Amino acid sequence: CRFAVGSVGRLSLRALLETRSCPAPSVMAKAGASGGTAAIGSDQVLLFCDWLNRQLWYDHLRAAGVPVAWTEEIQDWASVRYAIGWNFTADVLSKMPGLRAVASMGAGVDHAIGPGIIPPGVEIVRIVDPLMAQRMATWVMWAVINFQRKMDLYGKAQAERRWDKKIENLKPWDNGEVRVGIMGFGVMGQATSRLLVAAGYNVAAWARTRRTPPPVEATEANGCSAAAGVEGVRVYAGREELRQFVERSDILVCLLPLTPETEGIIDGEVLSWLPPGAGVINAARGRHVDEAALIKALDEGHVGGAILDVFTTEPLPPESPLWSHPRIRITPHVSSITDVPNAVAQISENYRRLVSGLPLLNVVNKAAGY
């Protein structure tokens, strides 16, 4: 969807479930002045998307006081200062010479970062929803357990009406023995690491660059922010440490942002660094993984299995060999779906801030791509 604004280790159960790194969106909503049905400003906001629930977004934004309008309803493109949506196109954004900021309707911004899409000098903001991070963490934990406990083989045995207690060789692969490697250590990666560590898994992470804790004032000015680390997780950084990280990962999880530097990062070479029989989980973007190289590694037996939620082409075409591969489990990009009310709370708050001349929340570093 798109819219634009006119001129105007061992922890307690509680710790196991706490994957939030910032206040809940409901708290943010209460902190702002964007609630209610009265419009915050008198300017139009372009809502631009082809999602199945686009009308739901429209209704929630209107109820939050954001005067959204569809593309054909914009009366004065030159007065638009704020655009929010998904899969932005340069031709639409170029109609708005007064544009000051655009907002992604999800956590990812790769759809907006591409060359020539966002005009120079225009800020990009994204959704940072701790509940999205929690959803991602639980989906990844399910995928990890699926590999760990060989659940696909139990499913096959059930389909064959076969009582087979030898699937796991009568020897448990305990959590502390499972080395999980998480690629990407932002909000999603840290929430996932925290949940897995709380359950006793041996977790390491990899990031493109070494992180340092952000200043408190910077965190407060930009809303939710990922911390520099998670207790119990070793963080590898940079290309020079990538191989060492991959070689210690029995299960490799991709939660990276998609940037020119990370596109295709899980290629044949990286897959060859994995321990024999390792599992691959991708819930980030399909273009992180060389799908042909993955199929080859699976067919050769070096990679034991893959659980994929994202794909190079979506929806995944019916003719794709990924559908029928016996060692691949597929979900249709549902690992962490945006919750409309929570997202609207942040969107309406940023609209209020733009109108009021205040700093925007969750501003993207366009050079870094996230």
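Step by step: first the residues of the stretch 72-108, then only those that are within 27 Å of the chain's Cα centre (by Cα) and in a helix (DSSP H, G or I), then the one that is nearest to Ala284 (Cα to Cα). Which residue is that? Here the answer is Ala90. Residues in the stretch 336-345 include at least one that is at pLDDT below 95, open to solvent by 50 Å² or more (accessible area, probe 1.4 Å), under 25 Å from Gln134 (Cα atoms) and in a helix (DSSP H, G or I).
Yes/no matrix, rows are residues, columns are (1) at pLDDT below 50; (2) open to solvent by 20 Å² or more (accessible area, probe 1.4 Å); (3) within 30 Å of Gly229 (Cα to Cα):
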{"position": "Arg10", "(1), (2), (3)": "yes, yes, yes"}
{"position": "Ser26", "(1), (2), (3)": "yes, yes, yes"}
{"position": "Asp43", "(1), (2), (3)": "no, no, no"}
{"position": "Gln55", "(1), (2), (3)": "no, yes, no"}
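When the residues of the stretch 93-105 are filtered to those that are surrounded by fewer than 18 Cβ atoms within 10 Å (Cβ to Cβ) and of a type in the set (Gly, Ala, Ser), the one that is farthest from Val310 (Cα to Cα) is Gly98. Taking the criterion of being in contact with an Asp or Glu (Cβ under 8 Å, 6 or more places away or on another chain) and open to solvent by 30 Å² or more (accessible area, probe 1.4 Å), the only residue of the stretch 116-138 that qualifies is Leu131. Within the bounds of the stretch 84-92, is there any residue that is touching a helix residue (DSSP H, G or I) at 6+ places or on another chain (Cβ under 8 Å) and open to solvent by less than 10 Å² (accessible area, probe 1.4 Å)? Yes, the stretch 84-92 contains a residue that is touching a helix residue (DSSP H, G or I) at 6+ places or on another chain (Cβ under 8 Å) and open to solvent by less than 10 Å² (accessible area, probe 1.4 Å).
Matching residues to (1) closer than 19 Å to Ile328 by Cβ; (2) open to solvent by less than 10 Å² (accessible area, probe 1.4 Å); (3) touching a helix residue (DSSP H, G or I) at 6+ places or on another chain (Cβ under 6 Å):
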| site | (1), (2), (3) |
| --- | --- |
| Asp250 | yes, no, no |
| Ile266 | yes, yes, yes |
| Glu269 | no, no, no |
| Val280 | yes, yes, no |
| Ala283 | yes, yes, no |
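In the stretch 153-174, of all residues being farther than 21 Å from Tyr201 by Cβ and charged (D, E, K, R), the one that is surrounded by the most Cβ atoms within 10 Å (Cβ to Cβ) corresponds to Lys156.
Looking across the stretch 346-370, the residues that are over 19 Å from Trp57 (Cβ atoms), open to solvent by 20 Å² or more (accessible area, probe 1.4 Å) and at pLDDT 90 or above come down to Arg353, Val355, Ser356, Gly357, Leu358, Pro359, Val363. Restricting attention to the stretch 229-239 and to residues that are hydrophobic (A, V, I, L, M, F, W, C) and part of a loop (DSSP other than H, G, I, E, B), the residue that is surrounded by the fewest Cβ atoms within 10 Å (Cβ to Cβ) turns out to be Val233. Within the stretch 164-208, the set of residues being of a type outside the set (A, V, I, L, M) and touching a helix residue (DSSP H, G or I) at 6+ places or on another chain (Cβ under 7 Å) comprises Asp164, Trp173, Gly181, Thr192, Gly200, Tyr201, Asn202, Trp206.
The listed residues are Leu271, Leu256, Leu242, and the only one of them that is outside any loop (DSSP other than H, G, I, E, B) and under 23 Å from Trp142 (Cα atoms) turns out to be Leu271.
The values are calculated or read from the model by the stated rules, or taken from the named source; none is laboratory data. The model shown is predicted, which means the values in this text are computed figures rather than measured ones. Note that we place each Cβ from the backbone using ideal geometry, even for glycine, and neighbour counts take in every protein chain shown. We work out accessible area using only protein heavy atoms, side chains counted, and drop any ligands, DNA or RNA first. Shrake-Rupley method; radii C 1.70, N 1.55, O 1.52, S 1.80 Å.
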